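Below: the structure, in structure tokens.
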Number of protein chains: 2
Amino acid sequence: MHPFDEAIRLEPMPDGSLRGHTSELYWNFVGPYGGITAATMLQGLLVDARRLGEPVQLTVNFAAPLTESEFRLKPRLQRTNRNSQHWSIDLLQGESEEAVISALAMFANRRDTWSVTDAEPPAMPAPETCKQAVLREGMAWPKMYALLYPEWRFGQDNPESYSKAWVRDATPRTLDFASLTSICDSFFPRLFLRRPQFVPIGTVSMNVYFHSDAQALADHGEAHLACEGKGQIYSRGFFDQEARVWGRNAAGAPAPLATTQKVVYKE
Amino acid sequence: MHPFDEAIRLEPMPDGSLRGHTSELYWNFVGPYGGITAATMLQGLLVDARRLGEPVQLTVNFAAPLTESEFRLKPRLQRTNRNSQHWSIDLLQGESEEAVISALAMFANRRDTWSVTDAEPPAMPAPETCKQAVLREGMAWPKMYALLYPEWRFGQDNPESYSKAWVRDATPRTLDFASLTSICDSFFPRLFLRRPQFVPIGTVSMNVYFHSDAQALADHGEAHLACEGKGQIYSRGFFDQEARVWGRNAAGAPAPLATTQKVVYKE
């Protein structure tokens, strides 16, 4: 079993909830990597027998750090329309009924309609010419990914915070909605592209818009994803960043797979 | 009473829920303008006695159209941390316990920390030189706003979908978090900047990150806001757009007030 599948594995419980366990392999500093948590929340909906269609939108709010232990997911089907569904899902730990993580998600049957891409795919050098991200000790999760940067500018005082990278699972695995969600959190905090000092940070909320279907993700396969992101506003204890994840379609052309944003607490 | 305050007015009920009514003045085609609904959801939390701090993040999911009638808001305080709070809030209509609208929000006590603005404020001509948006018959809400476009390119086949506009309440009103939220939905669908044909559309989910505190919004006052937005990906029945709302600080310099994104269904 691929370590990613092991990390997001969920066991259905008699009361309709799902049981999972945090993964040491995807550990961050004071809790799991946010991407693996977001992927697990989505997985809790993907495995639900009532699910209609494929994910279009996912917002995950991180209310408190997870502790290294079991957790329960409580999915709630909010509404089923003709071709779409709205869900919420909470993650709980221990005996508490207070959510540690909460998410909203929208699923739909996708259809072929008029399409165009306003965003420009980033010009990328070959992955072989890029270098793996160089990170502080104590984070496990970056070892689970190829995080190949054409230019590593973190920990410097740069005039702006745009960066691009090739990203995929360190052990190749065919892309799906859960792994794409996790990769949407692999954009390192833009704060560290604007300011060399390290300060504690923590994601408050992460947003993903999916622009493809399961077949398009399978068509992309195990290849690297072209990821680009930029910070926007750093003000009064928080900052936000926005990003895009590009794959390849069956013909080898750039395919926009997800756009994603987050807001991050900073000390 | 300003019509905006009338539209978002909520009456506390004995069971802890809040009662409101849709507003004809802020009507869209098949339901209320999404901005007034999003503002009402936030207002349901702003008036809560348990609230700590000011809004940092709001995500509103539109599961079904509201009908013109009363509604109930059910706020749920999910978690209170030392300096932040996580909430969810649902909107219900009639006897049904299925949410019509669901939202997640995070509030915090904001602090002065290191600040920088990566996003560039848009160059804007004077509001007096811009023209009010020219819209299809049948929408009431645009009359509630000054929507002043330097260049009106909607309903054309443009090579890209970036646009900017000056926006404020038609009857001036001092900016606050609720009115800023509503204005975050005033970016017309980017689809109509890329394609002249009219097709039915509907916002699925709207996201707002707030970058200022109540004092900064009051400092901005009644002046026009500089709004800029752009579409990203139009694919398989949906598209997304991202935008920024700029005000002025007490010294008259551009101040980033909110960044916002949405994903929209299209036929």
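A few remarks follow.
- Pick from the stretch B:125-143, criterion part of a helix (DSSP H, G or I) and not charged (D, E, K, R), ranking: surrounded by the fewest Cβ atoms within 10 Å (Cβ to Cβ): B:129
- Scanning the stretch A:191-213 for residues that are under 16 Å from the mean Cα position of the chain (by Cα) and either surrounded by 20 or more Cβ atoms within 10 Å (Cβ to Cβ) or farther than 30 Å from residue B:81 by Cβ (or both) gives A:203, A:204, A:205, A:206, A:207, A:208, A:209, A:210, A:211, A:212.
- Residues located in the stretch B:18-50, provided they are within 14 Å of another protein chain (Cβ to nearest Cβ), assigned to a loop (DSSP other than H, G, I, E, B) and over 30 Å from residue A:83 (Cα atoms): B:50
- Test result for residue B:265, farther than 16 Å from residue B:54 by Cβ, in contact with a strand residue (DSSP E or B) (Cβ under 7 Å, 6 or more places away or on another chain), surrounded by fewer than 23 Cβ atoms within 10 Å (Cβ to Cβ) and within 9 Å of chain A (Cβ to nearest Cβ): yes
- Residues satisfying the stated conditions in the stretch B:236-259, i.e. more than 7 Å from chain A (Cβ to nearest Cβ), in contact (Cβ under 8 Å) with a residue 60 or more places away in the chain, over 19 Å from residue B:160 (Cβ atoms) and touching a Phe, Trp or Tyr at 6+ places or on another chain (Cβ under 8 Å): B:254, B:257, B:258
- The single condition among (1) within 29 Å of residue B:263 (Cα to Cα); (2) crowded, with 22+ Cβ neighbours inside 10 Å that residue A:26 does not meet is (1).
- Some residue of the stretch B:232-244 being among the acidic types (Asp, Glu) and closer than 20 Å to residue A:206 by Cα: yes
- Of all the listed residues (A:133, A:146, A:140, A:105), the sole one being on the phi < 0 side of the Ramachandran plot, in contact with a Lys or Arg (Cβ under 7 Å, 6 or more places away or on another chain) and touching a residue at least 24 places away in the same chain (Cβ under 8 Å) is A:146.
A short reminder: the numbers here are calculations on the coordinates, not readings from a lab. This is a predicted model, so every value here is computed, not measured. Positions of Cβ are generated from backbone atoms using ideal geometry, with glycine treated the same way; all protein chains shown enter the neighbour counts.
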